[in-house]
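Enquirer: This is the structure I have questions about; it appears just below.
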Amino acid sequence: MALIEQGGLDGRSLLAEDPDHPGSLGIAISEAVMMAVADPQARYALGSVLNHVLQQTVIGEEALLQLAKVGENPDVLVGCTGGGFNFGGLSFPFLREKLAGRMNPTVRCVEPAACPSLTKGEYRYDFGDTADLAPLMKMHTLGHDFIPELIHAGGLRYHGMSPLVSHIYEQGVVEAISVPQTECFAAAVQFARCEGIVPAPEPTHAIAAAIREALQAKESGQEKVILTALCGHGHLDLASYEQYLSGAMVDYELPDEQIATAMRGVPVLD
Ligand SMILES: Cc1ncc(COP(=O)(O)O)c(C=O)c1O
């Protein structure tokens, strides 16, 4: 039986109803929970947005050691944010150093302009999935009913942000910006030509932000150490590059009314 008939959601049923349905990570999580519930042998650990998966700090610890070897500290750290997993892994060790007063980098989350949960979402309790199966979390959210446009950074098409990243954003410990996808792919092509590595669409957001920062530093004549991490390669995303290079890629503006509509489904708690 389709999961949707059991109170869940599944991608195939949604596609049968609407062949152009863009899907979302929230729907994928609902489907995974339903499959785990239906199979006594299965267990499901929700990744990315939950706080415990943000502890992959080996990335940041290693970056700290690498920078120490060349006697540098970052002035700016940028990371892409979908649920917060790779950003937490890179930034938390640097935030520890910053909060201890040992360095003072600007730490910035970079999200898609079409799915701006930190920069345009509200900080409230919401479900982590579309069918209300995952626990309520206090987080920045565009509403669990929000279906982002079909941008190429699939891993950033998520309505919420991990509670830890949301909290430090609320506290002003980190900043956030959003970037449109054509700027991201322009940065990705520049990066690939310089470094010989084709980035996944998700980290192109951080690369675009790093390039913005470098250009500003060039203009102001300030020397800056800018740190980012490449959280995935784009070998399976060449169709996205083809779209960009052929000029077919478009940017999406997210109207405030669309956010307001999705926010109506967010539970109101006393
Ligand atoms: C390569 C890559 N980077 C980043 C993300 C975004 O997730 P997070 O913000 O949790 O790191 C994803 C998610 O699928 C991904 O595949």
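The values are calculated or read from the model by the stated rules, or taken from the named source; none is laboratory data. Quick caveat: nothing in here was measured; it's all calculated off a predicted structure. When we count neighbours, we look across all protein chains shown, and the Cβ atoms used for this are built from the backbone with ideal geometry, even at glycine.
Enquirer: Of the residues that sit in the range 31-43 and are away from the ligand (no atom under 16 Å from the Cβ) and of a type outside the set (A, V, I, L, M), which one is surrounded by the most Cβ atoms within 10 Å (Cβ to Cβ)? Spell out the reasoning first.
Expert: So in the range 31-43, the residues away from the ligand (no atom under 16 Å from the Cβ) come out as 33-43.
Filter once more, keeping what is of a type outside the set (A, V, I, L, M): 39-41, 43.
Working: ASP39: 10, PRO40: 7, GLN41: 5, ARG43: 7.
Among them, the one singled out is ASP39.
Enquirer: With respect to LEU90, determine if the residue is touching an Asp or Glu at 6+ places or on another chain (Cβ under 8 Å), part of a helix (DSSP H, G or I) and modelled with pLDDT of 95 or more.
Expert: No: the conditions fail for LEU90.
Enquirer: Could you tell me whether any residue of the range 98-111 is assigned to a helix (DSSP H, G or I) and more than 16 Å from the ligand (Cβ to nearest atom)? Even if it seems obvious, please write down each step before you answer.
Expert: Within the range 98-111, the first condition is being assigned to a helix (DSSP H, G or I), and the residues that meet it are 98-99.
Those left that are additionally more than 16 Å from the ligand (Cβ to nearest atom): 98-99.
There is at least one residue in the range 98-111 that is assigned to a helix (DSSP H, G or I) and more than 16 Å from the ligand (Cβ to nearest atom).
Enquirer: Looking at the structure I just gave you, is GLU97 among the acidic types (Asp, Glu) and more than 23 Å from THR261 (Cβ to Cβ)?
Expert: Against the criterion (among the acidic types (Asp, Glu) and more than 23 Å from THR261 (Cβ to Cβ)), GLU97 qualifies.
Enquirer: To continue, here is another question. Within the range 54-67, which residues are within 14 Å of ILE226 (Cα to Cα) and surrounded by fewer than 12 Cβ atoms within 10 Å (Cβ to Cβ)?
Expert: If the condition is that a residue be within 14 Å of ILE226 (Cα to Cα) and surrounded by fewer than 12 Cβ atoms within 10 Å (Cβ to Cβ), then GLN66 is the only one that fits.
Enquirer: Would you check which residues across the range 1-12 are at pLDDT 85 or above and exposed (fewer than 15 other Cβ atoms within 10 Å of the Cβ) and list them? Working first, answer last.
Expert: Going through the range 1-12, the residues at pLDDT 85 or above turn out to be 11-12.
If the condition is that a residue be at pLDDT 85 or above and exposed (fewer than 15 other Cβ atoms within 10 Å of the Cβ), then ARG12 is the only one that fits.
Enquirer: Go through the range 253-270 and count every residue that is outside any loop (DSSP other than H, G, I, E, B) and exposed (fewer than 15 other Cβ atoms within 10 Å of the Cβ).
Expert: Of the residues in the range 253-270, 4 are outside any loop (DSSP other than H, G, I, E, B) and exposed (fewer than 15 other Cβ atoms within 10 Å of the Cβ).
Enquirer: Which one of these does GLY82 not meet: (1) more than 10 Å from the ligand (Cβ to nearest atom); (2) in a loop (DSSP other than H, G, I, E, B)?
Expert: So GLY82 meets the others, but not (1).
Enquirer: For the range 132-152, indicate whether the set of residues that are of a type in the set (Lys, Arg), assigned to a helix (DSSP H, G or I) and in contact (Cβ under 8 Å) with a residue 24 or more places away in the chain is non-empty. Give the steps one after another, and end with the answer.
Expert: Within the range 132-152, the first condition is being of a type in the set (Lys, Arg), and the residues that meet it are 138.
Adding the requirement that they be assigned to a helix (DSSP H, G or I) leaves none.
No: the range 132-152 contains no residue that is of a type in the set (Lys, Arg), assigned to a helix (DSSP H, G or I) and in contact (Cβ under 8 Å) with a residue 24 or more places away in the chain.
Enquirer: Taking interchain pairs and intrachain pairs at least six residues apart, which have beta carbon atoms under 9 angstrom, with the first residue in the range 13-42 and at pLDDT 90 or above and the second surrounded by fewer than 14 Cβ atoms within 10 Å (Cβ to Cβ) and basic (Lys, Arg)?
Expert: As it stands, the answer is GLU31/ARG12; ALA36/ARG43, since those pairs meet every condition given.
For (1) more than 16 Å from the ligand (Cβ to nearest atom); (2) touching a Pro at 6+ places or on another chain (Cβ under 8 Å), each residue gets a yes or a no:
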{"position": "GLU213", "(1), (2)": "yes, no"}
{"position": "GLU219", "(1), (2)": "yes, no"}
{"position": "VAL225", "(1), (2)": "yes, yes"}
{"position": "THR228", "(1), (2)": "no, yes"}
{"position": "HIS235", "(1), (2)": "no, no"}
{"position": "ALA239", "(1), (2)": "no, no"}
{"position": "SER246", "(1), (2)": "yes, no"}
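Enquirer: If VAL250 meets every condition in (1) among the β-branched types (Val, Ile, Thr); (2) part of a loop (DSSP other than H, G, I, E, B); (3) surrounded by 19 or more Cβ atoms within 10 Å (Cβ to Cβ) apart from one, which number is that one?
Expert: (3)
Enquirer: So, of the residues in the range 178-204 that are closer than 26 Å to ALA28 by Cα and away from the ligand (no atom under 13 Å from the Cβ), which turns out to be surrounded by the fewest Cβ atoms within 10 Å (Cβ to Cβ)?
Expert: It comes out as THR182.
Enquirer: From the list LEU118, LEU164, which residue is at pLDDT 95 or above, surrounded by fewer than 22 Cβ atoms within 10 Å (Cβ to Cβ) and within 12 Å of the ligand (Cβ to nearest atom)?
Expert: Just one listed residue meets the conditions, LEU164.
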